[in-house]
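Right, one structure below, let's go through it.
What follows is calculated from the coordinates using simple rules that are stated; it is not laboratory data. Remember, predicted model here, so these are calculated numbers, not experimental data. All Cβ positions, even for glycine, are placed from backbone atoms using ideal geometry, and neighbour counts span all protein chains on display.
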């Protein structure tokens, strides 16, 4: 039997109930991702309710290459690689590792400022969002700009799986990586994962050759997917004082005051347990503040 037809009043009530139900369901659904503003020089990858989008950064960090001292070799290598990239020539993914506070992240920010007028863009992705790398690269594929995906201060603990997404995008996916995307990552660990003494016991000797165990091979295989490794080392005393003097001048401190406060700068580093560019910047800023100078530069 056919169901009786609804009269206009019944149909109106049914539509009203349906609209009410849909309205309540919409509150549980994630909002649509905003359209990408491709005119921005830099972006952050943001996620909410399982949906990711590129959030524009209107004012990237203003640090320049001239602000980064005592790491000339490292600077030259990353600048050359980035110049090749924006020029449409072959370039490598980059892993910057080593001592903390010695300019790894600052160099990545500086090359953005150096090459942004040539179409270079930067996308910062947190470690927890690395699983979204395939979605991000799909979004960027075919764009005329050149994109550096920046993963700052990353390392992985045993049992984490986000590194598999990173490995896949670097080298191991069935699809070729886009020509307009590179990954620049910084880490205090060269192999990005913890290394344990027990893993060395897996090493085997075959025909007088040393063969690392599977656990070691797995960890090495991730960092090996970066074509360019750039290492940073703790500052010498002279390096530290040179960086302190540079930042103090940028804050308006006179050369006479800079020289007079060198011993205090060294004591500041001793109290922090580290001679690094970050510590030198912090002391220079404090010195300028105590001298009632207006600090005009941002932290490296």
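From the P(r) of segment 54-125, could you give the percentage of C-alpha pairs in the tail past 18 Å?
Values: 985 of 2556 pairs.
The proportion of pairs with Cα distances above 18 Å equals 39 percent.
How long is segment 237-290 along each principal axis, judged by its Cα atoms, biggest number first, in Å?
26, 20, 16
For segment 33-88, compute Rh as the Kirkwood radius over C-alpha pairs and then the Stokes-Einstein diffusion coefficient at 10 °C and 1.306 mPa s; write the answer in µm²/s, rounded to an integer.
Values: Rh = 14.1 Å.
Once the numbers are plugged in, D ends up at 113 µm²/s.
In nm, what is the difference between 0.36 nm times the number of residues separating residue 126 and residue 164 and their Cα-Cα distance?
Working: separation 38, 0.36 × 38 = 13.68 nm, distance 1.48 nm.
Full extension of this stretch gives 12.2 nm more.
Between residue 116 and residue 259, how high is the FRET efficiency from 1/(1 + (r/R0)^6) when r is the Cβ-Cβ distance and R₀ = 30 Å? Nearest 0.05. List each step's numbers first, then the result.
Details: r = 36 Å, r/R0 = 1.21.
E between residue 116 and residue 259, to the nearest 0.05, is 0.25.
Say R0 is 30 Å: what FRET efficiency, to the nearest 0.05, do residue 36 and residue 233 get from their beta-carbon distance?
On the way: r = 39 Å, r/R0 = 1.30.
That pair, residue 36 with residue 233, gives E of 0.15.
Using the beta-carbon distance between residue 49 and residue 188 and R0 = 30 Å, what value does 1/(1 + (r/R0)^6) give for FRET efficiency, to the nearest 0.05?
Working: r = 33 Å, r/R0 = 1.09.
Efficiency computed from Cβ-Cβ geometry: 0.40.
Modelling each spin label as a point 7 Å along the Cα-to-Cβ direction, I'd like the residue 79/residue 171 distance in nm, to one decimal.
2.9
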